[in-house]
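Input: a single structure, listed below in C-alpha cells.
Laboratory data are not the source of any read-out in this text; all were calculated from the coordinates shown. Bear in mind the structure is a predicted one, so any value in this text is a computation, not a measurement. Because the Cβ atoms are built from the backbone with ideal geometry, glycine has one as well, and the counts that use them run over all protein chains shown.
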Amino acid sequence: MITAHGSLGEVLVLVYIGIAIFAAILANRGGLPSWVSGIAHGLLSIQVILGVILLIRNPSAVPWHHIVFGLLTIPALGIMFPLRKRLGVTRGTVIGAIVVALFIALAVITGLNR
C-alpha cells in the first residue's frame, strides 16, 4: 500500500500540471472537460484516504510536514471553485491546479526524504 500511495502521489503531480497546461491550451476551444478534473479530484481523494490509513497504521513513518502538505491539498481543491468565479474558468482552473500540484509535489518530496 505504501508503494501505491507513493506512486499515485507522483502521478498526481503530473496530472495536475497537465490539467493546468491543457486548461490554458483549450481555453479558446470550450475549455477542459469537467470530467477530467473530476477524475483527478477523485484520485486525489483516494490518495488522501490511503495516506490517512497508512498514518493510522504507523504514525511515525513520515515527517509531520509530509502530513501537513498532504492535508493542505484538500483546502487547495476547495479554492479552485472560488478562483473560477473570481478569475474566470480558465485562469481559476490553471491557478488552482498549479496550487494543488505544488502541495502534492511538496508532500511527495517530503515523503521521499523520510
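Scanning the stretch 73-97 for residues that are farther than 20 Å from N28 by Cα and either under 9 Å from the mean Cα position of the chain (by Cα) or among the hydroxyl-bearing types (S, T, Y) (or both) yields T73, I74, A76, L77. Among residues belonging to the stretch 63-82 that are touching a Gly at 6+ places or on another chain (Cβ under 6 Å) and closer than 20 Å to S7 by Cβ, point out the one that is surrounded by the fewest Cβ atoms within 10 Å (Cβ to Cβ). Out of the qualifying residues, it is H66.
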